[in-house]
Amino acid sequence: MYEIRFHGRGGQGAVMAAQTIAEAAILEGKQAQAFPYFGAERRGAPVMAFARIDDERICIKTQVYEPDMLVIMDESLLDIEPVAAGLKKEGCAVINSRSAPGDLDLGLEVRCISVDATSVAIEMLKAPIVNTAILGAMVKANDFVRLESVQQAIINRFGEKLGEKAGRINAEAAKIAFDRSQEGVCRGKRPLIKKRLWLPTWQETPPGVALGKEERVGMKVGPGSMSQNLTGTWGTSNPLYDQDKCIRCQRCWFICPEGCIIRKEDDLMEFDLRYCKGCGMCVKVCPKGAITILKKGVKQ
């Protein structure tokens with residue numbers, strides 16, 4: 001799995017960049033997800049976005065804490081937060097900067113691609129919205145998707161919102177940034193302040209279904225609130241459980257986000273399909289293949 005974390009400022013298009021790189025991967029037949037993280041929307045405020053790309057189904061739903069690629073859309077963010085925290089040693093950084101990679105201090109000595117995406121954006125778009133330009137530099141850093149796919153995704157996504165001409169201009173901005181990108185190794189002298197993070201293993205994950213339920217003014221709060229909504233109607237698939245293969249490790253029971261797996265007295269599992277959305281997390285953690293996903297309407 002290839003994981004990407006974007007750091008930018010409100011108005012630079014970090015969320016759109018994450019969505020576009022995910023769409024480019026999907027155009028090539030890969031699996032992908034993209035999602036943002038920010039507080040109250042405010043132009044200029046620091047924001048983050050994330051993307052994951054894989055050849056197989058992606059079941060992880062967390063933020064990206066240890067990215068393979070770090071994308072910094074505003075160089076000034078280096079001075080106010082430890083944006084490089086968690087970046088893998090074999091990973092790479094893509095930075096919007098006029099400086100060459102060797103002149104940039106990320107706090108880690110890693111492979112770096114720098115490009116003056118702001119100048120490209122002003123030249124092509126007449127506005128400092130750097131997301132499409134930074135996408136071109138990302139392809140220069142790693143060819144996990146092809147430039148042609150990124151350009152097509154830009155045309156699809158931006159053309160739908162702004163019109164065909166705008167889509168093609170944004171796609172051309174990605175190509176120009178690709179050609180102007182510089183590759184090197186950034187410096188690692190800047191001290192990195194590591195934030196305290198809890199990255200639990202499955203054994204450490206709190207068992208939501210084991211916690212008590214609290215009811216306030218007729219509304220259930222906490223792990224039991226899902227009982228009021230038959231969320232199973234949303235799904236397109238259901239788990240198929242083979243109890244002969246089950247070793248009663250209970251990992252599926254711990255991980256189920258909807259609490260629809262019930263542990264019976266003999267420690268075998270029972271699935272309440274009224275609430276199961278078919279997310280596949282139980283399949284992901286089962287060490288013996290005792291659970292598979294079956295599309296609704298397909299005979300066993």
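The values are calculated or read from the model by the stated rules, or taken from the named source; none is laboratory data. None of these values were measured; they are calculated from a predicted model. Ideal geometry is used to build each Cβ from the backbone, glycine not excepted, and the neighbour counts take in all protein chains shown.
What the table below lists for this structure:
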quantity	calculated
Residue match in the stretch 52-65 (condition: outside any loop (DSSP other than H, G, I, E, B) and under 20 Å from residue 157 (Cα atoms))	yes
Filtered residues of the stretch 34-53 (kept if of a type outside the set (A, V, I, L, M) and modelled with pLDDT under 95)	35, 36, 37, 38, 39, 41, 42, 43, 44, 46
Among (1) modelled with pLDDT of 90 or more; (2) under 16 Å from the mean Cα position of the chain (by Cα), the one test that residue 103 misses	(2)
Pairs with Cβ under 7 Å, 6+ apart, first in the stretch 264-289 and farther than 18 Å from residue 248 by Cβ, second among the hydroxyl-bearing types (Ser, Thr, Tyr)	275/231; 277/231; 278/236; 278/237
Some residue of the stretch 130-138 being surrounded by fewer than 22 Cβ atoms within 10 Å (Cβ to Cβ) and either outside any loop (DSSP other than H, G, I, E, B) or among the β-branched types (Val, Ile, Thr) (or both)	no
Only one of 11, 29 that is part of a loop (DSSP other than H, G, I, E, B), touching a residue at least 24 places away in the same chain (Cβ under 8 Å) and not β-branched (Val, Ile, Thr)	11
Cβ-Cβ under 9 Å pairs, at least 6 apart or on other chains, the stretch 83-111 side at negative phi and assigned by TED's automatic domain parsing to the domain that holds residue 73, far side among the aromatic types (Phe, Trp, Tyr) and assigned to a loop (DSSP other than H, G, I, E, B)	85/65
Residue among 156, 131 that alone is under 30 Å from residue 280 (Cα atoms), touching a Gly at 6+ places or on another chain (Cβ under 8 Å), of a type in the set (S, T, N, Q) and in contact (Cβ under 8 Å) with a residue 60 or more places away in the chain	156
Residue identified as under 23 Å from residue 170 (Cβ atoms) and either of a type in the set (A, V, I, L, M) or not in a loop (DSSP other than H, G, I, E, B) (or both) among 70, 87	70
Qualifying residues in the stretch 139-160 (those that are among the acidic types (Asp, Glu) and over 20 Å from the mean Cα position of the chain (by Cα)) - the one surrounded by the most Cβ atoms within 10 Å (Cβ to Cβ)	148
Check on residue 259, touching a Gly at 6+ places or on another chain (Cβ under 6 Å), of a type outside the set (Lys, Arg) and surrounded by 13 or more Cβ atoms within 10 Å (Cβ to Cβ)	yes
The one condition in (1) free of Cβ contacts under 8 Å to residues at least 40 places away in the same chain; (2) over 25 Å from residue 10 (Cβ atoms); (3) assigned to a helix (DSSP H, G or I) that residue 122 fails to fulfil	(2)
